[in-house]
Protein chains: 2
Amino acid sequence: MADVVKIGLLGCGTVGGSLVGLIHKRRSAIEHTTGITLEIVKVAVRSASRERSCPLDPDTVTTDASQVVQDPSVDIVVEVIGGIEPARTLILDALAAGKPVVTANKELLANCGAELYAAADKAGVDLLFEASAAGAIPIVRPLRESLLAEDLSRVMGIVNGTTNFILSKMSLEGSSYGDALAEAQRLGYAERDPTADVEGFDAGAKAAIMAGIAFGARVVAGDVYHEGISQLTAADISFAKRLGYSIKLLAIAEKFGTADDGTSEIGVRVHPTMVPNDHPLASVNGSFNAVFVEGAASGELMFYGRGAGGDPTASAVLGDVVDAALNLRQGNYRRVPSGPKAKIRSIDQLESAFYLNVEVEDLPGVLSQVAGVIGGHGLSIESMEQHGTGSGARLVFITHAAAEHAMQGAIAELKKTSVVKGVAGFLRVLGE
Amino acid sequence: MADVVKIGLLGCGTVGGSLVGLIHKRRSAIEHTTGITLEIVKVAVRSASRERSCPLDPDTVTTDASQVVQDPSVDIVVEVIGGIEPARTLILDALAAGKPVVTANKELLANCGAELYAAADKAGVDLLFEASAAGAIPIVRPLRESLLAEDLSRVMGIVNGTTNFILSKMSLEGSSYGDALAEAQRLGYAERDPTADVEGFDAGAKAAIMAGIAFGARVVAGDVYHEGISQLTAADISFAKRLGYSIKLLAIAEKFGTADDGTSEIGVRVHPTMVPNDHPLASVNGSFNAVFVEGAASGELMFYGRGAGGDPTASAVLGDVVDAALNLRQGNYRRVPSGPKAKIRSIDQLESAFYLNVEVEDLPGVLSQVAGVIGGHGLSIESMEQHGTGSGARLVFITHAAAEHAMQGAIAELKKTSVVKGVAGFLRVLGE
C-alpha cells in the first residue's frame, strides 16, 4: 500500500501546468520507486475560468491562495507564482503550519532567502528550491549536499537562457543585438519587456542564491553588481572571436579568504565576460545554461542543461517534491546551510583581466603614450594589437588580472588624453 | 556543542590518505555548517609500518580490518580498499551492525550492488557511493534524488580519465596509441598494466552502476558489452576529425520502452564512439570526465569534472560521509532505488550510426557493388566519400542508425567480396 502525499499548488501558469501534467504522467513510476502516491488536492489560480491543457480536477481549483496553505489535508506546498508577495507570506504561513515547501521563486529567495531558511529550520521542515537557480540543472542539491564539505572558491555560470541565446546568435550568425533580441522574442525566449533578462537582474538573483549556499553566508540580490548585454556590439563579438574568446553573460560568485566563520569576503557580479574558447563555459550555446564550480579538493566541476522552460523547471520542482515527500515520511528534513550576512567586496575591488579597444590618432608615439596611461594605473599588458582604421589606428589590449578601479581609472584618463579618440570597447576577461 | 561522529576507515592508500588529510583540513568548517565533528577513530591498513604523509594518529591504525567494522564506537564505515573481497564481507558486516557505509568501490558495486543495497535497506542505514561512478562529479546523488522522478532514456559518458587522456593526446597532438599510453603511464594516469582502463572494464563497471540507478533495475558488470581503445589508429582519429567528430570511449546506458515496472529493456555498452564536435561530450578533454543524461522533462543535462585522483575522489567520499552523518543524527537513511534484474538487450540488437572505411580495387562498378552490400543489409547511407590511395581507392561511409547485427553482417560480406581489399576502419557514431 503506497503512502499518499497530498500537494497544494500555488500557481498554475507555465511551470505549474507542466508540473500537473508531469505528476499525472509519472505517478505510477514514482509509486513504484518510492512507495509514495502524489496527489494534487488544491490548486490556487488567478483565473478559475481560464482554459488549461493540463489534467486539473476542477474541484481542486481555488482563486484563494490562502485556502491552499490552510487546508489541513495538504502535506506539501509547491509555490510557482513568482514575485515577492503574496508568495513570501504564503510560504511563511505554510512553513509555520509545519508544511514542507518547494519553490522555484528566484526573486523571493534572492531577497528574502535568509528569512525563509530560518522559518523552515524553526519549523523543522524542508524548504527546497532546486528550480530557482538553474532550472532543470541539479545545482542547488549538489551545493547543499555533495559539496557541503568542499572549500569552494568560485561558482560561476551562464544562468540566463535569453541572453545566452542572443549572444550565441550574435556570435554564430553575426546578428546585431537588436535582431537577435527580436528573434528571441519571436521564439518566446525573451519577454516583451526584456529588461530583467538582458540587464542581468535575473542572473543576479540566481547568483545571490548560489553564492549564499556555496559560501554559507547571506547574500541578497542587492549585493550583486550587474551589467547587461544591451550595450554589446557586433564589433565586440567579432573582436573577441578573433582573439579566441566567446562573450558570455557570466554570473560570478567568489570567496576571498578561507575562513569558515563568515569572515571571508564575497564578490558577486554579473557582466558580459570574454571566456577563452578552451574553457568549458565557452561552448555552452543557445538557450542552454551551465554552472562551473571550483573546489579545493574536487577541482573543477560543471553542471549543464536547460535553465528555463515549463517542463525542465517542472522536472526540478518534481524532484524536490519527491524528496520532500520521502523526508516527510521519515519525519526528517534538510537544513539550508546559512550563515551571517556576507561581507561583500565591491566591484571596484574585484579583479579581472580586461579587454580594451582604444581608437587613437595615427601619430608617432601614440602607442607609447596609451600604454603609459595603462601602465601608470598598475595594469600590466598581456597582449596587444594595432590596426590602421583609415582615419587613425585602433589599439586592442588584453591585460593581466587587476582590480576594477585600476582599469576604470585608466579608462577615465584615456578619455582625457588628446590623442585618444575614444574607448570603443571594454570587457572583463575570465582568468584563473 | 557539536555532535561527534566517529569514522572507521577501511584502507589508507591514495584515496584514504587524501580523505584523512581532507577531514583534518575541513573539520572546523564542517562543524560550523552542520554542528557535526568528524573523528577518525580506527583505520585499517595493509602495512602498519608504511610511512604516510597524512596526519594519522598511530593509535587508530590496525592491520585487522574486522576490528574497524566491529568496533562499537565506530558510527560510519568508509571503505576505500577496492576489489570484491574482503570489501564485500566487511561492508555487509558493517551494515548488519547498523552502521552506514560510504564506499568508492566501483568493482564491488557493479558486481554485488543489489546484495549491498538490500542489506542497507534491511538494516535501515545509508549506503552511499558517489565516488564510485565518476570520482568528484556529483552524479549518483542527482540520479538517486534530483532525477528520481524523471523518465530517463539514456545516460552516457566519458567515465575513464586514462583513456580520455590517451584519446585527447592522439587527437590534439597526432600521437600514436602506443606513445600516448606511454606518456599516460609516465604521468601516473595509467597503470603499468593498463588493461582495466584501456579495454573498457573500468568504464563498464561505472556504466553498470549508473544504469542500475538511472533505470531502477539490477545491472551487473557482466551485462555490459565492452570494447577498448587499444585497436584505434592515428588514421581513425584523423578521419574522424576531418569528418567533424571526436573519438571518445563512451559508456552508454539506454532504456527501451517506457514501462516503469521493470519490463523495459536496457542496453549497456562501452566502446570508442565518434561524437559530433558540436555535442557537449566532444569537448571533454584530457583526464576530465563527463556524464550526459537525457530525460523526458528535464531535457539534456551534463555533469563534468575530475573522474579520478586522490583529492577529487576523497572530496566525493567526504560529501557522502557528511550526508551519512546528518542522516544518522536524524535517525534517517535514503534507500537506493533498486528493482528486479534488468532485461538486457544484447549488443547485436543495439542501434548506432556507423562509420566504415573500406579499401577497394580501383575498378569500374566498385562503389555500386560495395554500396549494394551495405544496402542489402538494411543499412542506409548518410554520407560517403571516395579517395584514391595510389594502389586502389578508399570508400568512407557514415550510415544512419541501424542495429549492430546489420552492420556486422555487412562487414562479414564485404570481407568476402573480391574487389574489397579490407575494412580499414569501423566505428559507432553517436546519434540522436
Task: Residues of the stretch A:104-150 satisfying the condition of being on the phi > 0 side of the Ramachandran plot and buried (at least 23 other Cβ atoms within 10 Å of the Cβ) - done: A:135
Task: Test result for residue A:239, of a type in the set (Phe, Trp, Tyr), within 30 Å of residue B:22 (Cβ to Cβ) and more than 10 Å from chain B (Cβ to nearest Cβ) - done: no
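Could we say that residue A:326 is within 13 Å of chain B (Cβ to nearest Cβ) and open to solvent by 10 Å² or more (accessible area, probe 1.4 Å) here?
Yes, satisfied.
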Open item on the list: Quick check on my filter: what residues within the stretch B:2-36 are open to solvent by 20 Å² or more (accessible area, probe 1.4 Å) and assigned to a strand (DSSP E or B)?
Closed with: B:3, B:4, B:6
TODO: Give the residue, chosen from B:319, B:267, B:309, that is on the phi > 0 side of the Ramachandran plot and either within 20 Å of the chain's Cα centre (by Cα) or within 11 Å of chain A (Cβ to nearest Cβ) (or both).
DONE: B:309
- [ ] Check the stretch B:58-78 and report whether any residue there is within 14 Å of another protein chain (Cβ to nearest Cβ), in contact with a strand residue (DSSP E or B) (Cβ under 8 Å, 6 or more places away or on another chain) and either in a loop (DSSP other than H, G, I, E, B) or among the small types (Gly, Ala, Ser) (or both).
- [x] no
Task: Failed condition for residue A:153, given (1) surrounded by fewer than 24 Cβ atoms within 10 Å (Cβ to Cβ); (2) farther than 17 Å from residue B:305 by Cα; (3) among the hydroxyl-bearing types (Ser, Thr, Tyr) - done: (2)
Task: Subset of the stretch B:40-50 that is part of a loop (DSSP other than H, G, I, E, B) and either open to solvent by less than 50 Å² (accessible area, probe 1.4 Å) or modelled with pLDDT under 75 (or both) - its residue that is nearest to residue B:73 (Cα to Cα) - done: B:45
Open item on the list: For the stretch B:370-389, give me each residue that is among the small types (Gly, Ala, Ser) and within 13 Å of residue B:411 (Cβ to Cβ).
Closed with: B:376
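From the list B:268, B:293, B:317, which residue is assigned by TED's automatic domain parsing to the domain that holds residue B:7, among the hydrophobic types (A, V, I, L, M, F, W, C) and touching a strand residue (DSSP E or B) at 6+ places or on another chain (Cβ under 7 Å)?
B:317
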Open item on the list: Residues that are within 14 Å of chain A (Cβ to nearest Cβ), within 27 Å of residue A:299 (Cα to Cα), free of Cβ contacts under 8 Å to residues at least 40 places away in the same chain and touching a helix residue (DSSP H, G or I) at 6+ places or on another chain (Cβ under 7 Å): does the stretch B:22-35 have at least one?
Closed with: no
TODO: For the stretch B:283-306, enumerate the residues that are more than 7 Å from every other protein chain (Cβ to nearest Cβ), open to solvent by 10 Å² or more (accessible area, probe 1.4 Å) and under 25 Å from residue B:191 (Cα atoms).
DONE: B:285, B:286, B:287, B:288
Task: Every residue from the stretch B:350-362 that is surrounded by fewer than 18 Cβ atoms within 10 Å (Cβ to Cβ) and in contact with a strand residue (DSSP E or B) (Cβ under 6 Å, 6 or more places away or on another chain) - done: B:359, B:362
TODO: Give just the number: which of (1) at the interface with chain A (Cβ under 9 Å from one of its Cβ atoms); (2) over 14 Å from residue B:160 (Cβ atoms); (3) of a type in the set (S, T, N, Q); (4) open to solvent by 10 Å² or more (accessible area, probe 1.4 Å) does residue B:277 not satisfy?
DONE: (1)
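For the stretch B:363-379, name all the residues that are outside any helix (DSSP H, G or I) and open to solvent by 70 Å² or more (accessible area, probe 1.4 Å). Explain how you work it out, then say what you get.
At the first step, the residues of the stretch B:363-379 found to be outside any helix (DSSP H, G or I) are B:363-365, B:377-379.
If the condition is that a residue be outside any helix (DSSP H, G or I) and open to solvent by 70 Å² or more (accessible area, probe 1.4 Å), then B:363, B:364 are the ones that fit.
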Task: From the options A:314, A:214, residue that is within 9 Å of another protein chain (Cβ to nearest Cβ) and outside any strand (DSSP E or B) - done: A:314
Open item on the list: Looking only at the stretch A:181-211, how many residues end up being part of a loop (DSSP other than H, G, I, E, B) and either of a type in the set (Gly, Ala, Ser) or free of Cβ contacts under 8 Å to residues at least 60 places away in the same chain (or both)?
Closed with: 9
TODO: Just one of (1) within 30 Å of residue B:19 (Cα to Cα); (2) out of contact with any strand residue (DSSP E or B) (no Cβ under 7 Å at 6 or more places or on another chain) trips up residue A:147, so point out which.
DONE: (2)
- [ ] State whether one or more residues within the stretch B:83-101 are within 13 Å of chain A (Cβ to nearest Cβ) and under 26 Å from the mean Cα position of the chain (by Cα).
- [x] no
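Return the only residue of B:110, B:87, B:65 being farther than 20 Å from residue B:325 by Cα, modelled with pLDDT of 95 or more and in contact with an Asp or Glu (Cβ under 7 Å, 6 or more places away or on another chain). Walk me through it before giving the result.
Working: B:110 fails: in contact with an Asp or Glu (Cβ under 7 Å, 6 or more places away or on another chain); B:65 fails: in contact with an Asp or Glu (Cβ under 7 Å, 6 or more places away or on another chain).
Within the list B:110, B:87, B:65, the selection yields B:87.
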Task: Criterion (surrounded by fewer than 23 Cβ atoms within 10 Å (Cβ to Cβ), modelled with pLDDT under 95 and charged (D, E, K, R)) met by exactly one of A:93, A:57 - done: A:57
- [ ] Please specify each residue of the stretch A:220-249 satisfying the condition of being in a loop (DSSP other than H, G, I, E, B) and within 19 Å of residue A:404 (Cβ to Cβ).
- [x] A:224, A:227, A:228, A:229, A:231, A:232
Open item on the list: Go through the stretch A:156-181 and report how many residues are surrounded by fewer than 22 Cβ atoms within 10 Å (Cβ to Cβ) and out of contact with any Ser or Thr (no Cβ under 9 Å at 6 or more places or on another chain).
Closed with: 5
TODO: Within the stretch A:201-242, track down each residue that is among the β-branched types (Val, Ile, Thr) and surrounded by fewer than 20 Cβ atoms within 10 Å (Cβ to Cβ).
DONE: A:233
TODO: Go through the residues of the stretch B:358-367 one by one and say whether even a single one is on the phi < 0 side of the Ramachandran plot and in contact with an Asp or Glu (Cβ under 8 Å, 6 or more places away or on another chain).
DONE: no
Open item on the list: Of the conditions (1) more than 7 Å from chain B (Cβ to nearest Cβ); (2) surrounded by fewer than 24 Cβ atoms within 10 Å (Cβ to Cβ), residue A:337 satisfies every one except a single condition; which number is it?
Closed with: (1)
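Residue-wise test of (1) under 28 Å from residue A:307 (Cβ atoms); (2) of a type outside the set (A, V, I, L, M, F, W, C); (3) not assigned by TED's automatic domain parsing to the domain that holds residue A:319.
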| site | (1), (2), (3) |
| --- | --- |
| A:8 | yes, yes, no |
| A:14 | yes, yes, no |
| A:25 | yes, yes, no |
| A:48 | no, no, no |
| A:59 | no, yes, no |
| A:74 | no, no, no |
| A:82 | yes, yes, no |
| A:85 | yes, yes, no |
| A:92 | yes, no, no |
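The values are calculated or read from the model by the stated rules, or taken from the named source; none is laboratory data. Predicted model, so just to flag it, every value in this text is computed and none were measured. Cβ coordinates were reconstructed from backbone atoms using ideal geometry, including for glycine residues, and neighbour counts include every protein chain displayed. Accessible surface is based on the protein model in full, side chains and every heavy atom, while ligands, DNA and RNA are left aside. Shrake-Rupley method; radii C 1.70, N 1.55, O 1.52, S 1.80 Å.
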